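Peer 1: Can you keep this structure in mind? I'll have questions shortly.
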Amino acid sequence: MIMVEKNLDFRSDTVTKPSPEMREASYNAILGDDVYGDDPEVNELERVGAEIFGMEAALFVTSGTMGNAVAVLAHTQRGDEIILEEGSHIYVNEVGGLAVMGQLMAKTVKGIKGHMDPADIQAGVRVDNIHFPPTTLLCVENTHNTAGGIPLTLDQMKSYWDVAKANNLNVHLDGARVFNAAVALGVDVKKIAKHVDTIQLCLSKGLAAPIGSLVVGPQDVIDKARKYRKMLGGGMRQAGIIAAPGIIAITEMVDRLADDHANAKLLAEGLTKIGIKVVNDVQTNMVYVDFSPIGWTAEDWNKTCTDMGWKSRGRGTGTRLVTHYGIEKEDIKSFIEGIAKRV
Ligand code: TLP
């Protein structure tokens, strides 16, 4: 019997390990060649994924980065301009793939807590002019990672949709943590999906599957994305072994994200009492801290965490702490007590 493994690692929710049920599902997977469309677990994951989001189709990809890449490629032509939030993962953290693979121009809009003012989006859209590239896509991120795991509200999502459609743009959502957003907002994820054309959602973050993402959207866009996935080397053959845990991720691991959010709040409150500054508005599973008020450097923080058996990676005067599957309320309490003793 495989037990739920403790995972005292605040670096990210990408570190989550599969649940015992997921490991069993991988073991029992029937498997087939997915490039021929023959893998039953992949087919089921794509069917269930599309259904959960109220979309026509879904595509299983290796990672969030690949999911965003194939979606952006499917929506655009070489030489288009796309609008993104300044701190978005696609713009900052995906190795410039949009420029390299898509030959796309990027126009960034500065958000406040991850939220872009629709007027700024409108101002970023190019008018039809022989000198300008056409603007064809708006990318949104929900929850917004570098803004502190902020869930964008349905009204905000609708405001992007309205401005995009008024200008004939498609909308792609980097929903690496879209289930965290839905849980934090207390809404069905379909309501978020209503305001976008495509979504990339990660199975391998808080939902604890070992590998992979889904791209969901209209059939014709997903067909194009599938072709781009093959071009990028992402045709995966007996991928059911990793798709089987993905099915459990989206059907059984969503509700427990509320525990991660509660644990993040508990962590933020505890650290604030000790004198550590929490710099974000904690609404989901991320706590951004500044430990300079207690006189600690990143080295002090990292060493203290290591001594206590935790993984955390301080840089400069702060770090991001992410709560996830494998970290329980008791672990948060003992982490806070441990830090308090050492300050
Ligand atoms: N984010 C990772 C790091 O790359 C920063 C993390 O630890 O948070 N979109 C968003 C919003 C993400 O946060 C990430 C991963 C991705 C896309 C990419 O997913 P992967 O890592 O599966 O390629």
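Derivation of every value follows stated rules applied to the coordinates shown; laboratory data play no part. Predicted, not measured: the structure shown is a model, and the values here were computed from it. We place every Cβ from the backbone using ideal geometry, glycine too, and count neighbours over all the protein chains shown.
Peer 1: Enter the Cα centre distance for the pair the range 147-202 and the range 45-74, rounded to the nearest angstrom.
Peer 2: 15
Peer 1: Per 0.36 nm of contour for each residue apart, how much would the distance between LYS110 and THR251 grow if the chain were fully extended, relative to their Cα-Cα spacing?
Peer 2: 47.3 nm
Peer 1: Over the chain, with a Gaussian network built from C-alpha contacts below 10 Å, which listed residue (VAL95, VAL196, VAL140) shows the highest mean-square fluctuation?
Peer 2: Result for the chain, Cα springs under 10 Å: VAL95 fluctuates most.
Peer 1: While we're here: Could you run the Karplus curve 6.51 cos²θ - 1.76 cosθ + 1.60 with θ = phi - 60° over the range 26-41 and give me ³J(HN,Hα) per residue in whole Hz, x for Gly and Pro?
Peer 2: My calculation for the range 26-41 gives 4, 4, 8, 4, 6, 6, x, 8, 5, 5, 8, x, 9, 8, x, 5 Hz in order.
Peer 1: Which FRET efficiency value, to the nearest 0.05, do you get for ASP117 and GLU328 by plugging their Cβ-Cβ distance into 1/(1 + (r/R0)^6) with R0 = 45 Å?
Peer 2: 0.70
Peer 1: Over 17 Å apart: what share of the alpha carbon pairs of the range 108-173 falls there, rounded to a whole percent?
Peer 2: Looking at the range 108-173, the distances longer than 17 Å represent 39 percent of pairs.
Peer 1: Quick one: if the Förster radius is 30 Å, what FRET efficiency do HIS131 and ASP223 give, using the C-beta to C-beta distance and rounding to 0.05?
Peer 2: Given R0 = 30 Å and the Cβ-Cβ separation, E is 0.35.
Peer 1: Follow-up. Zone of GLN77 (label point 7 Å along Cα→Cβ, backbone N under 17 Å): which residues in the range 89-132?
Peer 2: What the label zone holds, given the 17 Å backbone N cut-off, is 102-105, 126-132.
Peer 1: Which of these, ASP13, ASP300, ASP290, has the largest mean-square fluctuation under a Gaussian network model of the chain (Cα springs below 10 Å)?
Peer 2: Result: ASP300 has the largest fluctuation of those listed.
Peer 1: Past the 32 Å Cα-Cα mark, which pairs from LYS6/LYS224; LYS191/LYS329; LYS113/LYS165; LYS113/LYS191; LYS194/LYS329?
Peer 2: Beyond 32 Å: LYS6/LYS224; LYS194/LYS329.
Peer 1: Taking the radius of gyration and the Kirkwood hydrodynamic radius from Cα positions alone, what is the Rg/Rh ratio for the chain, to two decimal places?
Peer 2: In the chain, Rg relative to Rh is 0.99.
Peer 1: Further question on the same structure: Within the range 13-252, what percent of beta bridges assigned by DSSP are antiparallel, to the nearest 5?
Peer 2: 40
Peer 1: While we're here: What does the charge dipole of the range 59-207 about its Cα centre add up to, to the nearest 20 debye, if the Cβ of each Lys and Arg holds +1 and the Cβ of each Asp and Glu holds -1?
Peer 2: 260
Peer 1: At what distance in nm do the modelled label points of LYS311 and LYS6 sit from each other, each positioned 7 Å from its Cα along Cα→Cβ?
Peer 2: Calculated label separation equals 1.6 nm.
Peer 1: Would you list the P(r) distribution for the range 257-342, with all Cα-Cα distances sorted into 10 Å bins from 0 and each bin expressed as a whole %?
Peer 2: In order of increasing distance, the bins hold 19, 58, 23, 1 percent.
Peer 1: How large is ³J(HN,Hα) for each residue in the range 198-210, as worked out from phi by the Karplus curve 6.51 cos²θ - 1.76 cosθ + 1.60 (θ = phi - 60°), to whole Hz, x for Gly and Pro?
Peer 2: 9, 9, 9, 10, 8, 8, 9, 9, x, 7, 6, 5, x
Peer 1: With each pseudo-label sitting 7 Å past Cα toward Cβ, what's the VAL95-ARG47 distance in nm, one decimal?
Peer 2: 3.5
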